[in-house]
Every structure is written in structure tokens, then in C-alpha cells.
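I have placed the structure first, in the form of C-alpha cells, so that the comments after it can refer back to it.
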Amino acid sequence: MYINVNLNEQIKVNPFEECFRENRLTLMTWNIYQGANQSSIFTATTPSEFVTAVGSAYNRIQATNFIERADSIAEKIQEIRPDLIGLQEVILLRTQIPSDGHATPATNISFDYLQILIDTLAERGLIYEPVVVQASTDIEVPGVTSTGLVDIRFTDRDVLLARANTNFTLSNTNGTQFVAKLPLTTPFGTSNILRAWVSVDVTFDNGDKVRVVSTHLEALSPVIQELQADELIDWSDNTHLPIIFIGDFNSNAAGTGTKTYTKLKDVDFIDAWVIKGKGTGFTCCQADDLLNQNSSLTERIDLVMFRGNFEVKDIGIVGNSQNDRTISGLWPSDHAGVVANLKLNSDKN
């Protein structure tokens, strides 16, 4: 069960800000990695190949040990204490024995990344509440594990967490799956890979308001990803509020990948890293097993972009240094996180 708290409960002041200042937000976005590359599942052509690939992915998820990685992620959150955190690949993994396909939904929880992270933060005295949890892909398929044939139910989620003791109020929470989706054909039928966005409106003490949106766009199909970007842009045009996009856009800011990054810039979204970032800002990607000795981040696809009268006070990357690796040598995620401090210039001055 997720922790429910009064969002005004007091905890230590956020050191990423010099102090609480009017109309300032410290935002973090982090793809925390589901724990396995699933490409062999997508390319399997026979039932035997498929159940073997599913079982291998399940084993890899266990090996990349989110319980251990969550402590490293929580350590960075403790250092920075962001006001809002957008998380991607916050999976819920459930199993069922004996396997019966789609007849009965699997309910036995193997891993709940959201609960694990919230519990780990609480152990450090940090209270974060999930204000929006939106499921995207939800697929149940058979896989061969050490216990035999098992139904494995994979549910992906996008999450917005809010820290206690914020100097603003939250309202109008929203979460939506994109209409554009990627069909996945398997020997056991056709499913869809779904993506989603989550949002919340932030109202400061002086009444100024901003909308924060966190998302995870499709990685496997440029066409689907760009359609999702179009949906996000169309939706953002329906508000007069200043708006901040955070998330894993799977579109290289260097312009060498999909058109999504350019689409956002073309409708006046500003990349916060370009304003204040130092260095490459690379956020992707470490090895699938997270055990590569040297960081292999070579792309900047996790972004903070905004439209409105904001000042970028600070922005940086977390989870990309050797000191961030776990005791067994795992990187916290295959992505680095991005943290930005933005100030909304008030129209009431």
C-alpha cells in the first residue's frame, strides 16, 4: 500500500535550492529501468523461442536487482529533495502458477517498483506521495523459469511523486495513454505496447500556476513516437498555463534521431539544458545488465522542456558517476536522471 501523507508535512529543506523562493520548482525526471532488454521477446517467432525469451527477461529483472538500485536512486533524491519527480518504467510484475494464459489475470506480486522506492525513501526519512500513477503497457504472457512454465504479467507505469513540505498546492491530476500505440505480434496473439503521460497543476502561494507533465515516448518506432509527440503538443495547446515537459522522450537532442525533439522546439518549447546545462548532458544508456565498468551514456534523450516565462536556475545530471553504483556494481538505472530548478516569473509583479 502506498503511503498517504499530508503534502504540507515538514521535512528538511531542499538543498538544490538555496532556500524556498516564490514560484520555484525543483523537478527530477528519471527512467528507472524495468531491468531487462526485451528485444528477444519481440523477435521470437516460435512458442518455444517466445517462452524462453520471456523467462530470460524475468531472470534478468531479478539480476538487475531493483531493491538494491532503489537505494542508490533514493540517495540521490535525498541529496537533492526535488519537489516533483517524474518516473518512467515503474513496473509492476506479477506471476501465476500454473500458467493458464489470459484465462485468469496474474495477481502474485514479484516486484512493485513504486512501492519499493517509496519504502526505501521512507527508510531515509523522506516522504514522497504518488500523486498520479498511470498504467501503460499491461501484458500477461507465459515464460519458462526455474519453477517451470509461469504466467508473467508485466505492467508498465508512469508516475509523478510529490515531496512533503512543498510551498505550493497540487490540483487537476491527470494521466492518459496515448492513442498511438505499437502493435506487438507474438506466437500467442497480438498485444499493444502502450505509452502514457501524467500531469499535475502546481499553484504557488501568490496564485500563479504551472502545469507539469511527465511522459515516456515510444522507443521502437519513430513513426509511433512522433504521433505521440503530436498528441502531447495538441493537448498542451488546450491550456493557457505555463507548461513544463519532463521525461524520457527517446529523441536525441543532438538531432540525430527522431523528429520529436524538433517538433517540440518548433512549437516554442525551450530545452532547459541548452540554457544552463554544463557538459554533454548524456542520459542514455548503460548496458542491459547494468554492470559495464565505465559509463556508456552517449545520448541526451531525457529532457526538461518548457513553454512560458521561466528562468532556469540550475540543471544537472544524477546517477552517472562511479560513486552512484550499488555495492554489487550495478548502475542505478540504464538512464541517468535529470534535475532542474526553474522559476516562474510572476505576472502579478
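Regarding A180, is this residue within 27 Å of Y33 (Cβ to Cβ), in contact (Cβ under 8 Å) with a residue 40 or more places away in the chain and in a loop (DSSP other than H, G, I, E, B)?
Answer is yes for this residue.
Scoring V144 on the criteria (1) over 18 Å from R60 (Cα atoms); (2) of a type outside the set (G, A, S); (3) in contact (Cβ under 8 Å) with a residue 60 or more places away in the chain; (4) part of a strand (DSSP E or B) leaves a single failure, condition (1). Residues in the range 182-203 that are of a type outside the set (S, T, N, Q), closer than 14 Å to D83 by Cα and surrounded by fewer than 20 Cβ atoms within 10 Å (Cβ to Cβ): D201 alone.
Taking L241 as the residue in question, decide whether it is within 16 Å of S214 (Cβ to Cβ), surrounded by fewer than 20 Cβ atoms within 10 Å (Cβ to Cβ) and not small (G, A, S).
Working: within 16 Å of S214 (Cβ to Cβ): yes; surrounded by fewer than 20 Cβ atoms within 10 Å (Cβ to Cβ): yes; not small (G, A, S): yes.
Judged against the criteria, L241 is a match.
Sort through T176, T169, T120 and tell me the only one that's under 22 Å from V339 (Cα atoms) and touching a helix residue (DSSP H, G or I) at 6+ places or on another chain (Cβ under 9 Å). Full working, then the answer.
Details: T176 fails: under 22 Å from V339 (Cα atoms); T169 fails: touching a helix residue (DSSP H, G or I) at 6+ places or on another chain (Cβ under 9 Å).
None of the others qualify; the one that does is T120.
Picking from residues in the range 99-141 that are hydroxyl-bearing (S, T, Y) and outside any strand (DSSP E or B), the one that is farthest from F188 (Cα to Cα) is T120. Considering the range 118-138, and only residues there that are surrounded by fewer than 18 Cβ atoms within 10 Å (Cβ to Cβ) and closer than 27 Å to A103 by Cβ, the residue that is modelled with the lowest pLDDT turns out to be D138. Of all residues in the range 77-119, those satisfying the criterion of being more than 30 Å from P47 (Cβ to Cβ) and of a type in the set (S, T, N, Q) are Q78, Q88, Q115.
Picking from residues in the range 17-76 that are of a type in the set (F, W, Y) and in a helix (DSSP H, G or I), the one that is surrounded by the most Cβ atoms within 10 Å (Cβ to Cβ) is F66. Among the residues that make up the range 186-199, is at least one of them charged (D, E, K, R), in contact with a His (Cβ under 9 Å, 6 or more places away or on another chain) and modelled with pLDDT of 95 or more? Looking through the range 186-199, at least one residue is charged (D, E, K, R), in contact with a His (Cβ under 9 Å, 6 or more places away or on another chain) and modelled with pLDDT of 95 or more.
What tally of residues in the range 295-328 results from selecting those that are in a loop (DSSP other than H, G, I, E, B) and within 20 Å of T283 (Cβ to Cβ)? So that I can check it myself, show each step before the final result.
Keep residues of the range 295-328 that are in a loop (DSSP other than H, G, I, E, B), which gives 295-298, 300-301, 308-309, 319-321, 325-328.
The next check asks that each one be within 20 Å of T283 (Cβ to Cβ); those that pass are 295-298, 300-301, 319-321, 325-326.
Of the residues in that region, 11 qualify.
Restricting the search to the range 162-183, which residues are at pLDDT 85 or above and more than 21 Å from the chain's Cα centre (by Cα)? Reasoning before the result, please.
Start the filter on the range 162-183 by keeping residues that are at pLDDT 85 or above, which leaves 162-164, 168-183.
Passing the criteria: F168, T169, P183.
Looking across the range 204-249 at every residue that is under 18 Å from the mean Cα position of the chain (by Cα) and in a helix (DSSP H, G or I), the one that is farthest from G175 (Cα to Cα) is identified as Q225. If the condition is being among the small types (G, A, S) and surrounded by 21 or more Cβ atoms within 10 Å (Cβ to Cβ), then the range 77-103 contributes only G86. On the stretch given as the range 329-341, residues that are of a type outside the set (S, T, Y) and outside any strand (DSSP E or B) total 6.
For the condition among the polar types (S, T, N, Q), surrounded by fewer than 23 Cβ atoms within 10 Å (Cβ to Cβ), closer than 17 Å to I246 by Cα and at pLDDT 95 or above, T298 does not qualify.
Looking at the range 250-293, which of the residues that are aliphatic (A, V, I, L, M) and either in contact with a Lys or Arg (Cβ under 6 Å, 6 or more places away or on another chain) or in a loop (DSSP other than H, G, I, E, B) (or both) is modelled with the lowest pLDDT? Break it down into steps so the answer makes sense when it comes.
From the range 250-293, those aliphatic (A, V, I, L, M) are 253-254, 264, 267, 270, 272, 274-275, 287, 290-291; that's our starting set.
Filter once more, so that each one left must be either in contact with a Lys or Arg (Cβ under 6 Å, 6 or more places away or on another chain) or in a loop (DSSP other than H, G, I, E, B) (or both): 253-254, 267, 287, 290-291.
Working: A253: 97, A254: 94, V267: 97, A287: 97, L290: 98, L291: 98.
Among those residues, the one meeting the criterion is A254.
Contact map, the range 274-286: first residue surrounded by 14 or more Cβ atoms within 10 Å (Cβ to Cβ), second residue among the acidic types (D, E) and part of a loop (DSSP other than H, G, I, E, B), Cβ cut-off under 6 Å, separation 6 or more or different chains; pairs are C285/D334; Q286/D334.
The values are calculated or read from the model by the stated rules, or taken from the named source; none is laboratory data. These figures come from a predicted structure and were not determined experimentally. As a convention, Cβ positions derive from the backbone with ideal geometry for all residues, glycine included, and neighbour counts pool all protein chains shown.
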